[in-house]
Amino acid sequence: QARLEESGGGLVQAGESLRLSCAASGPTFYVAAWFRQAPGKEREFVAAISWTEDITNYADSVKGRFTISRDSIKKKIFLQMNDLRLEDTGVYYCAAGQAFDVTNPHEYAYWGQGTQVTVSS
């Protein structure tokens, strides 16, 4: 059973940056991703990264502002978020598994508890 734990969330002003981290333990997985959920909204895909290849995928809303990366040896996943906007506010979740459609949250077997990101004006 894999275990994921996020950190790095907080309160920032619009235009500022945050870096989220996710520490993973347990069995090997093929894809790691970040999702987010704003109050009253469904969980949405943010970014994904292959654990074995140099392949990343981003939601259109974060392209050019967010960067997903990983440290395979330390089993950590990162999300560098720049130029944050009010609409980036939400709980950010780290996910991992063997997803074929990396944007579909139902394809991920493992989830962290989430970390809150709040962007103020």
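So here's what we get for this one:
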quantity: Top-ranked residue of region 90-101 - restricted to ones that are open to solvent by 30 Å² or more (accessible area, probe 1.4 Å) and within 13 Å of the chain's Cα centre (by Cα), ranked as nearest to Asn57 (Cα to Cα); calculated: Tyr93
quantity: Residue match in region 58-76 (condition: closer than 15 Å to Val102 by Cβ, among the basic types (Lys, Arg), open to solvent by less than 60 Å² (accessible area, probe 1.4 Å) and not in a loop (DSSP other than H, G, I, E, B)); calculated: no
quantity: Filtered residue count, region 18-50, keeping only those that are touching a residue at least 40 places away in the same chain (Cβ under 8 Å), open to solvent by less than 60 Å² (accessible area, probe 1.4 Å) and part of a loop (DSSP other than H, G, I, E, B); calculated: 3
quantity: Neighbours by Cβ (under 8 Å, 6+ apart or cross-chain): first from region 97-111, touching a residue at least 60 places away in the same chain (Cβ under 8 Å); second open to solvent by 50 Å² or more (accessible area, probe 1.4 Å) and of a type in the set (Asp, Glu); calculated: Gly97/Glu107; Gln98/Glu107; Ala99/Glu107
quantity: Candidates Gly10, Gly15, filtered to the one that is of a type in the set (Gly, Ala, Ser), within 19 Å of Ser120 (Cα to Cα) and under 15 Å from the mean Cα position of the chain (by Cα); calculated: Gly10
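The values are calculated or read from the model by the stated rules, or taken from the named source; none is laboratory data. Note that the structure is a prediction, hence the values are computed from the model and not measured. Here the Cβ is made from the backbone with ideal geometry for all residues, glycine too, and neighbour counts use every protein chain on show. All accessible areas refer to the heavy atoms of the entire protein, side chains included, with ligands and DNA or RNA removed. Shrake-Rupley method; radii C 1.70, N 1.55, O 1.52, S 1.80 Å.
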